[in-house]
Amino acid sequence: MSVGVIVGSQWGDEGKGKIVDILSKGYEIVVRYQGGANAGHTVEIGDKKFILHLIPSGILRDGVICVIGNGVVIDPKALLDEIKQLENLGINIKGRLFISHNAHLIMPYHKLLDSINESGTSKIGTTGRGIGPSYIDKYARTGIRIVDLLDKKILEEKIRCSIEEKNNLLKKVYDHSELNVEEIIKEYLDFDDKIDEYIKDTTYYLHSALEEGKSILLEGAQGTLLDIDHGTYPYVTSSNPTSGGACTGTGIPPTKITSVVGIVKAYTTRVGLGPFPTELLDETGEKLRKIGAEFGATTGRPRRCGWYDAFLVNYSRMINGIERVAVTKLDILSEFEEIKVCVAYELNGKVLKSFPTDVSRLLNVNPVYETLPGWNTDISNAKSYDELPPNAKSYLDFIAKKSGFEIGIISVGPKRDQTIEL
Ligand code: GDP
Ligand code: IMO
Ligand code: MG
């Protein structure tokens, strides 16, 4: 029995999808534990490219069972679209996907409120998928859950009650037209007919799988610095992508977790607003974006790019309990003569001992860089650590030492065979 957790160690898009796909060959069950369709996890197999938003990336491995845990917020439309797309690509979903009865639903008004909030002064740069407003209802204890779909009468009552409240808010606060309650009820009753077969008490299911000695991989979305508690608040998402979230988002207790693997990109990216100390606003940043094809898998937005931040990843290692990491996109750095790594932050002339998660300080820190020589050689066909050029090895050794982790996987391209397992 083993229970592994995969966490993004930066601001998301580290390549979690690819690495979950690689690691899922050693697991029987893969579970998503938080977030929703704000995630975009890319997996390339042969000439096919899959972008998963809600369904765990393990679905692409034959025989692996996938679970959407209680911590996830589910947009029915996004889920049904994803199921259809996968089926069209020849992936069998039936009997391989279970959805927690305790997961919350994203309702049309959540997406509407997300876009209204984003048009105001407290813009975060969200993905517009209704994530924040749905978690607000969850914590206000007014959310609608998957379990509510199982009783049509209860579902109808809850939707009516919720829409009455939301219509009041839309009309009085935002001067917005009212939502059509009958249309929404019909849409969700229809959704219920389509997903009934997938609904399960996934907590008990996962616990009996553990008793049978099965191995489980818990797939995080987003990244540590987007964590609502430990990230760069308020420029964060509304859930806990960090490893603690894997327990609350699945019902698997901390005592059962056997490993936490961090995914780190060989440089740094961020989508949306918020401080980003190593961001490169010059042609080097543009070059990283171009070579790295750094455009959002969910929204298509250009990702902000910058050098690797060892100080930030060290914080992430500490919060998540990461021991081993997968370093992704090392191949993208092959075209740089020199590569910088941030090893510390200075603020008002003093070197900081701890990572500042408050925006006011983080916006004003000066990254302290060390410069390493590039390797100027294509590494995308390297099959072993020994085949990497000496400067690429030195770069890996340097970031591992400065961030305090051990490297378990090196990824040198998006495909399955562009992976070096140490
Ligand atoms: P996720 O959200 O963490 O799963 O990451 P995304 O899928 O949003 O973004 C990662 C992007 O990098 C995807 O387009 C992947 O196909 C791609 N990718 C992953 N690993 C590598 C790698 O080692 N090299 C290159 N060139 N691309 C990679
Ligand atoms: P994956 O799983 C990168 C960012 C948004 C925004 C902030 C809040 O693919 O790594 P939200 O829609 O969650 O309320 O937006 O979080 N964000 C992501 N950035 N990768 C993601 O997911 C993200 N999911 C949300 O850009 O800054
Ligand atoms: Mg992504």
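The values are calculated or read from the model by the stated rules, or taken from the named source; none is laboratory data. Everything numeric in this text was worked out from a predicted model, so none of it was measured. Quick reminder, even Gly has a Cβ in these numbers, built from the backbone with ideal geometry, and neighbours come from all protein chains shown. Surface accessibility is based on the protein's heavy atoms, side chains included, excluding ligands, DNA and RNA. Shrake-Rupley method; radii C 1.70, N 1.55, O 1.52, S 1.80 Å.
Numbers for the structure displayed
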{"item": "Extension gain (nm, one decimal) between residue 293 and residue 384, 0.36 nm per residue minus Cα-Cα", "result": "30.3 nm"}
{"item": "Degrees separating the helix 152-172 axis from the principal Cα axis of the chain, which is the longest one", "result": "70"}
{"item": "Top positive-direction residue, dipole computed over segment 263-421 with Cβ charges, set 396, 298, 367", "result": "298"}
{"item": "Full-extension gain in nm, residue 366 to residue 94, via 0.36 nm per residue minus C-alpha separation", "result": "92.7 nm"}
{"item": "Per DSSP, loop GluC sites (Glu not before Pro) in segment 92-201 with at most 10 further Cβ within 10 Å", "result": "none"}
{"item": "Where trypsin sites (Lys or Arg not before Pro) in DSSP loops with at most 14 other Cβ within 10 Å are excluded, longest remaining stretch of the chain", "result": "142-352"}
{"item": "Segment 244-320: GluC sites (Glu not before Pro) in DSSP coil with no more than 13 other Cβ atoms inside 10 Å", "result": "none"}
{"item": "Degrees, to the nearest 10: 390-403 long Cα axis against longest axis of the chain", "result": "60"}
{"item": "Neighbour net charge for residue 376 - beta-carbon separation under 10 angstrom, K R +1, D E -1", "result": "-3"}
{"item": "The chain: angle of helix 108-118 to the longest principal axis, Cα-based, in degrees nearest 10", "result": "50"}
{"item": "Cα gyration tensor shape for segment 263-421, rounded if a/c is under 1.5, else prolate or oblate", "result": "prolate"}
{"item": "Neighbour net charge for residue 106 - beta-carbon separation under 11 angstrom, K R +1, D E -1", "result": "+1"}
{"item": "Rounded FRET efficiency, nearest 0.05, which uses the C-beta distance separating residue 283 from residue 256 and R0 of 51 Å", "result": "0.60"}
{"item": "Solvent-accessible area per residue, Å², over the chain with all protein chains present [probe radius 1.4 Å]", "result": "42"}
{"item": "Shape of segment 21-145, Cα gyration tensor, a/c cut at 1.5", "result": "prolate"}
{"item": "Counted charge near residue 76, where neighbours are those whose Cβ lies closer than 10 Å (Asp, Glu -1; Lys, Arg +1)", "result": "-3"}
{"item": "Histogram of C-alpha separations across the chain, 10 Å bin width, %", "result": "5, 22, 31, 25, 13, 4, 0"}
{"item": "FRET efficiency estimate (nearest 0.05) - Cβ-Cβ, residue 157 to residue 194, R0 30 angstrom", "result": "0.90"}
{"item": "At most 11 other Cβ within 10 Å, DSSP loop - chymotrypsin sites (Phe, Trp or Tyr not before Pro), segment 181-223", "result": "none"}
{"item": "Segment 20-26 - phi-based ³J(HN,Hα) in whole Hz, Karplus 6.51/-1.76/1.60, Gly and Pro as x", "result": "4, 4, 5, 6, 5, 5, x"}
{"item": "Shape of segment 104-194, Cα gyration tensor, a/c cut at 1.5", "result": "prolate"}
{"item": "Helical mean residue ellipticity (222 nm; -39500 (n - 2.57) per DSSP H run of 4+; nearest 500) of the chain", "result": "-9500 deg cm²/dmol"}
{"item": "The chain: antiparallel DSSP beta bridges as a percent of all, rounded to 5", "result": "40"}
{"item": "Antiparallel DSSP beta bridges within segment 263-421, percent to nearest 5", "result": "65"}
{"item": "Relative contact order (%) - the chain, alpha-carbon pairs under 8 angstrom, separation at least six", "result": "20"}
{"item": "Furthest towards positive pole of dipole, 101, 181, 126, structure part the chain, Cβ charges", "result": "126"}
{"item": "Rounded to the nearest 10 Å², the accessible area of residue 193 at probe 1.4 Å", "result": "110"}
